[in-house]
Amino acid sequence: MLFSELAGLTAKDLNKKKVELRSKLFEARMKNSLGQLANPMVIREARKDIARINTVLAKLGKTAAPAAKTVAKKVSKAAGTSKSVAKKSPRVKKG
């Protein structure tokens, strides 16, 4: 898959193709571990295609993962929850 082919696709199409490639990569890894994969280059090609898709998505600025993280942060701040930090107790010298 060429980068120029991916550049013309929409973010929705890219995410759909990414899901397909991830499942293909999973199946190829499983077959490889069982010794049933005839061409192990399939794994490398799938990984590189996923990286190309991630690059195009980043260029478009429409990745799903960072948006979900910011929404989760906003929700936790609105609810008033935060991480509590445990204080260390002072050390007592033995002697």
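The values are calculated or read from the model by the stated rules, or taken from the named source; none is laboratory data. The shown structure was predicted, so the numbers you read here are calculated from the model rather than taken from an experiment. Reconstructed Cβ throughout: ideal geometry from the backbone, glycine too, with neighbour counts over all protein chains shown.
May I ask you to list the residues in the stretch 23-41 that are assigned to a helix (DSSP H, G or I) and in contact with a Lys or Arg (Cβ under 8 Å, 6 or more places away or on another chain)? Within the stretch 23-41, L25 is the sole residue that qualifies. Annotation: of all residues in the stretch 2-22 being small (G, A, S) and assigned to a helix (DSSP H, G or I), the one that is farthest from R52 (Cα to Cα) is A11. Scanning for something surrounded by 10 or more Cβ atoms within 10 Å (Cβ to Cβ), out of contact with any His (no Cβ under 7 Å at 6 or more places or on another chain), modelled with pLDDT under 85 and not in a helix (DSSP H, G or I), does the stretch 55-69 turn up at least one residue? Yes, because at least one residue in the stretch 55-69 is surrounded by 10 or more Cβ atoms within 10 Å (Cβ to Cβ), out of contact with any His (no Cβ under 7 Å at 6 or more places or on another chain), modelled with pLDDT under 85 and not in a helix (DSSP H, G or I).
Taking each residue of the stretch 7-34 that is free of Cβ contacts under 8 Å to residues at least 40 places away in the same chain and looking for partners that are assigned to a loop (DSSP other than H, G, I, E, B) with beta-carbon atoms closer than 7 Å, six or more apart or interchain, yields A28/L37; K31/L37; N32/P40. If I filter the stretch 23-41 down to residues being under 17 Å from the mean Cα position of the chain (by Cα) and loosely packed, with under 14 Cβ neighbours inside 10 Å, which single residue comes out as nearest to N54 (Cα to Cα)? In this case the residue turns out to be S23.
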